[in-house]
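S.K.: I have a structure here, written as structure tokens, and I will follow up with some questions on it.
The values are calculated or read from the model by the stated rules, or taken from the named source; none is laboratory data. This is a predicted model, so every value here is computed, not measured. Counting neighbours? That spans all protein chains shown, and the Cβs are built from the backbone with ideal geometry, glycine included. Ligands, DNA and RNA are excluded from the accessible area calculation, which covers all protein heavy atoms including side chains. Shrake-Rupley method; radii C 1.70, N 1.55, O 1.52, S 1.80 Å.
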Amino acid sequence: MASKLGELLIKEGIITPSQLEEALEYQKLHGGRLGSIIIKLGFAVEEQVTSILSRQYGYPYINLSKFELSNKVRDWIPPEMARKYLVVPIDRAGATLTVAMADPTNLYAIEELRFLTGLNIQPAVASESSILDAIDKLYGSEHEIQVKEEMETIMGENEEFEGLFEAGEGDVEMVEEEEEQDVTTLSKEAEEAPIVKLINLILTDAIKRGASDVHLEPYEKEFRVRYRVDGILHKIMTPPLKFKDALISRVKILSHLNIAEKRLPQDGRIKMKVKKEKGGKKEVDMRVSILPTIFGEKVVIRILDREQLKLDLTKLGFEEGSLKKFQKAIKRPWGMILVTGPTGSGKTNTLYSALSNLNTPEVNIMTAEDPVEFNLYGINQVHIREDIGLTFASALRSFLRQDPNIILVGEIRDFETAEIAIKAALTGHLVLSTLHTNDAASAVSRLINMGIEPFLVATSVISIVAQRLVRRLHDKCKEEAEIQPQVLIELGFTPEEAKKITVYKTGGCNECNNTGYKGRIGLFEVLEVTDEIQELILSGASSAEIRRKAIEQGMVTLRRSGLEKIKQGITSIEEVVRETVKY
């Protein structure tokens with residue numbers, strides 16, 4: 001079949017004889033299917049190879065990306081056989097099972113499937129990549145299967161663990177809660193091998209998936225584990241409810257928290273070393289927050305993976321003009337720069353990137369953070385502890401006696417902190433901080449509402465950055481979307497842009513866990529406080545007036561920043577609409 005396929009591809013003018021020879025030589029050295037090798041070497045695309053196979057052998061071609069697979073036929077072919085022969089069940093009609101195959105001429109595979117199922121096998125042709133994606137959708141990815149197998153090994157062959165992964169409410173039986181346990185019992189259970197292994201598995205699996213947070217959530221009828229990946233929460237597993245206390249106690253022990261205290265919130269940290277896929281180990285910090293709820297304690301673990309921290313300002317997502325404005329601001333000798341946005345919008349990453357850019361032996365940089373998320377060499381970082389009186393305000397007062405050049409305040413929460421920070425900015429220091437506001441212009445109103453005089457805001461603040469994070473489309477599986485020009489105009493594109501641009505939508509493959517997205521990028525709005533904007537602040541202008549003036553002066557809004565990412569094929573319309581509004 002291999003040489004036959006090669007001859008057919010040459011006959012169709014898709015490859016040359018020399019390319020076929022090269023592919024056959026590669027096959028001798030490395031093995032594998034000739035069709036896959038020709039595609040891998042870039043001599044042909046999958047559609048060309050599958051089209052040839054379909055026409056030559058009279059089997060129908062099927063586009064699996066547009067085909068809804070039914071779970072009813074999943075059990076006819078086990079996942080290991082599906083992966084071995086690159087085959088996925090499509091439909092059963094009477095005594096015939098229709099399957100999609102990458103190589104429909106593999107008679108041995110067809111015979112084995114016929115023996116296994118007791119049915120006649122009707123092959124259809126599909127591309128190898130679409131079959132792999134379909135297998136992942138139908139059976140779960142290889143990583144998910146591996147984790148599930150590890151989970152079953154940890155818990156043992158017990159009926160109450162069936163349906164542990166992705167179980168819905170109907171799949172979870174009510175487990176009666178046991179009476180309140182004493183500290184000794186909790187500690188003993190938390191140290192038992194299955195509990196230790198399960199928590200280790202949850203944490204290492206979350207790191208491998210690139211999760212930023214792990215949620216352990218107790219409810220009336222189930223105990224749920226979710227990961228936040230690229231800003232979106234995904235339900236991963238539902239361990240038995242009776243293990244809730246032991247699992248939470250294990251997290252408390254790792255975080256050096258009080259396992260007996262269940263009535264009050266607690267915060268802690270975990271440090272662990274994880275094996276890298278390419279060998280070696282990396283150290284990962286985790287921030288643990290425990291909150292009492294009506295059905296037990298909810299645990300949120302923030303994963304602070306240093307390898308995920310990007311300190312290059314040019315790669316965060318700034319438009320060229322916005323980046324120049326921000327770089328100009330951070331090079332100023334004094335003044336205040338504010339970064340605004342909701343929790344999880346990447347403010348800390350932007351500030352760390354700015355500090356990394358400014359960090360030289362000639363300057364003294366001091367930070368007050370709650371908590372310190374990443375340790376930066378050459379920067380003096382202070383962990384705020386309000387329980388002992390070390391607040392942002394008290395830390396700032398001490399900083400001013402430490403001969404600083406640049407000060408970072410993790411967050412301006414109250415009048416006292418804002419007042420000291422502004423005075424520092426007016427007395428020869430560059431101050432960077434964060435606020436929780438919806439856009440850049442609203443930061444002015446927020447400071448004034450805190451009690452800061454308008455003239456102090458106008459003279460101290462030099463730049464305000466608003467930001468959001470949107471998911472990146474996965475380059476390998478994104479698809480062109482057909483969008484009417486009028487829809488694009490309503491989003492904010494000009495009529496000329498609406499006619500020319502190509503918009504992309506999500507696809508879905510094994511590498512992106514069939515979400516169509518992989519990684520995130522920032523949307524930025526940089527408001528430069530010019531003389532005209534200073535006058536507006538002094539005159540008590542509203543946020544809307546300040547925003548309009550800034551746009552007149554060339555400010556790229558969050559929505560416009562998102563539209564630019566759509567034009568470049570980086571993200572989807574849905575992501576931009578989810579995170580921004582049109583002014």
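S.K.: Under a point-charge model restricted to the Cβ atoms of Lys and Arg (+1) and Asp and Glu (-1), what is the dipole moment magnitude of the stretch 201-296 relative to its Cα centre, in debye to the nearest 20?
M.R.: 380 debye
S.K.: Taking the stretch 1-135, how much of its Cα-Cα pair set, in percent, is spaced more than 22 angstrom apart?
M.R.: The answer is 37 percent, as a whole percent.
S.K.: ARG385 versus ARG74, label points 7 Å from Cα toward the beta carbon: distance in nm?
M.R.: 5.0 nm
S.K.: In the stretch 437-537, which trypsin sites (Lys or Arg not before Pro) fall in coil by DSSP and have 15 or fewer other Cβ atoms within 10 Å?
M.R.: Answer in residue order: LYS476.
S.K.: If you don't mind, there's one more thing I want to ask. Check which residues have an amide H placed less than 5 Å from ARG472's amide H, if you skip close sequence neighbours.
M.R.: LYS518, GLY519, ARG520, ILE521
S.K.: How many nm is it between the label spots at LEU201 and LEU311, if each spot is 7 Å from the Cα in line with the beta carbon?
M.R.: Inter-label distance under the simple model: 3.7 nm.
S.K.: Which GluC sites (Glu not before Pro) in the stretch 320-400 sit in a loop by DSSP (not H, G, I, E or B) and have at most 12 other Cβ atoms within 10 Å of their own Cβ?
M.R.: For GluC sites (Glu not before Pro) across the stretch 320-400 that sit outside H, G, I, E and B with at most 12 neighbouring Cβ atoms in 10 Å, the list reads GLU362.
S.K.: Something else now. Hey, with R₀ at 41 Å, roughly what FRET efficiency would ASP414 and LYS281 work out to, going by the Cβ-Cβ distance, to 0.05?
M.R.: 0.50
S.K.: Next question, about the same structure. Each residue of the stretch 256-266 in turn: what ³J(HN,Hα) in whole Hz from Karplus with 6.51, -1.76, 1.60 and θ = phi - 60°, glycine and Pro shown as x?
M.R.: 6, 10, 7, 6, 7, 7, 10, 9, 10, x, 9
S.K.: Continuing with this model, one more query. Return the sequence-ordered ³J(HN,Hα) values of the stretch 410-417 in whole Hz as given by the Karplus equation 6.51 cos²θ - 1.76 cosθ + 1.60 applied to θ = phi - 60°, using x for Gly and Pro.
M.R.: x, 7, 8, 9, 9, 4, 4, 5
S.K.: Using unit Cβ charges (K, R positive; D, E negative) and no other charged atoms, how large, in debye to the nearest 20, is the dipole of the stretch 455-506 about its Cα centre?
M.R.: In debye, rounded to 20, the stretch 455-506 gives about 260.
S.K.: Can you report the principal axis dimensions of the stretch 354-502 using only the alpha carbons, biggest first, rounded to whole angstrom?
M.R.: That works out to 60, 38, 33 Å along the principal axes.
S.K.: Quick one: compute a quarter of the convex hull surface over the Cα atoms of the stretch 444-577 and quote it in nm².
M.R.: One quarter of the hull surface, i.e. the mean projection, equals 9.6 nm².
S.K.: Mind checking the stretch 1-57 for chymotrypsin sites (Phe, Trp or Tyr not before Pro) that DSSP puts in a loop (not H, G, I, E or B) and that have at most 12 other Cβ atoms within 10 Å?
M.R.: In loop regions of the stretch 1-57 (DSSP not H, G, I, E or B), there are no sparsely surrounded chymotrypsin sites (Phe, Trp or Tyr not before Pro).
S.K.: Additional query: Points 7 angstrom from Cα along the Cβ direction at THR96 and LYS273: gap in nanometres?
M.R.: 6.0 nm
S.K.: Quick check on the stretch 341-428: of the DSSP beta bridges with both residues there, what percent are antiparallel, nearest 5%?
M.R.: The answer is about 10 percent antiparallel.
S.K.: Got a sec? What order do PHE243, PHE493 fall in by accessible area at 1.4 Å, biggest, i.e. largest, first?
M.R.: My answer, sorted largest first, is PHE243, PHE493.
S.K.: Give the long-range amide H neighbours of ILE15: residues separated by 5 or more places, or on another chain, with amide H under 5 Å away, using H modelled in the peptide plane at 1.01 Å from N.
M.R.: It is ILE10, by chain and number.
S.K.: Helix-only mean residue ellipticity at 222 nm, the chain, DSSP H runs n ≥ 4 weighted -39,500 (n - 2.57), per residue, nearest 500. What is it?
M.R.: When only DSSP H runs of four or more count, the value is -11500 deg cm²/dmol.
S.K.: Another question about this same structure. Translational diffusion coefficient, Stokes-Einstein: compute it for the chain using the Kirkwood radius over C-alpha pairs as Rh, at 37 °C and 0.692 mPa s, and state it as an integer in µm² s⁻¹.
M.R.: Answer, rounded: 118 µm²/s.
S.K.: Dipole of the chain (Lys/Arg Cβ +1, Asp/Glu Cβ -1, origin at the Cα centre): which of GLN486, LEU430, ALA82 lies farthest to the positive side?
M.R.: Of the candidates, LEU430 comes out farthest on the positive side.
S.K.: Provide VAL577, VAL274, VAL229 ordered by accessible surface of protein heavy atoms (probe 1.4 Å), highest first.
M.R.: Solvent-accessible surface, decreasing: VAL577, VAL229, VAL274.
S.K.: Would you kindly enumerate the cysteines in the chain that have no other Cys beta-carbon under 4.7 Å from their beta-carbon?
M.R.: Here CYS512 come out as lacking a disulfide-compatible partner, given the Cβ-Cβ threshold of under 4.7 Å.
S.K.: I need the semi-axes of the equivalent ellipsoid of the stretch 296-405: take the C-alpha gyration tensor, multiply each eigenvalue by 5, square-root it, list largest first in whole angstrom.
M.R.: 24, 21, 13
S.K.: While we're on this one: Any idea how far the Cα center of the stretch 408-437 sits from the one of the stretch 325-343, in Å?
M.R.: 11 Å
S.K.: Let me ask another. Ranking request for peptides 11-19, 80-88, 336-344: highest mean number of other beta-carbon atoms within 10 Å first, then the rest in descending order.
M.R.: Packing order, densest peptide first, comes out as 336-344, 80-88, 11-19.
S.K.: Between the stretch 265-302 and the stretch 511-583, what is the separation of their alpha carbon centroids in Å?
M.R.: Each part's Cα centre sits 33 Å from the other's.
S.K.: Let me ask something additional. Listed highest first by mean packing, meaning other Cβ atoms within 10 Å per residue, what order do 322-328, 428-434 come in?
M.R.: The densest-packed peptide leads the list: 428-434, 322-328.
S.K.: How big is Rg to Rh over the stretch 247-327, alpha-carbon atoms, Rh as the Kirkwood inverse-mean-distance radius?
M.R.: Ratio value, two decimals: 1.18.
S.K.: Turning to a different aspect of this structure: If you plug each phi of the stretch 296-302 into the Karplus form 6.51 cos²θ - 1.76 cosθ + 1.60 with θ = phi - 60°, what whole-Hz ³J(HN,Hα) values come out, in order, with x for Gly and Pro?
M.R.: In residue order, the calculated couplings are x, 8, 8, 10, 10, 10, 8 Hz.
S.K.: Go through LYS208/LYS271; LYS40/LYS567; LYS221/LYS244; LYS325/LYS499; LYS324/LYS423; LYS72/LYS478 and tell me which ones have a Cα-Cα distance over 19 Å in this structure.
M.R.: Listed pairs above 19 Å: LYS40/LYS567; LYS325/LYS499; LYS324/LYS423; LYS72/LYS478.
S.K.: While we're here: Would you kindly give the portion of the calculated P(r) for the stretch 500-583 that falls above 23 Å, as a percent of all Cα pairs?
M.R.: 39 percent
S.K.: Another question about this same structure. Put +1 on the Cβ of each Lys and Arg and -1 on the Cβ of each Asp and Glu in the chain; which of LEU29, LEU338, GLY507 then has its Cα farthest toward the positive end of the dipole?
M.R.: Ranked along the dipole, the leading option is LEU338.
S.K.: Using the Cα centre as the reference, give the magnitude of the dipole from point charges on the C-beta atoms of the chain (Lys, Arg: +1; Asp, Glu: -1; all else neutral), rounded to the nearest 20 debye.
M.R.: Computed charge dipole of the chain: roughly 1740 debye.
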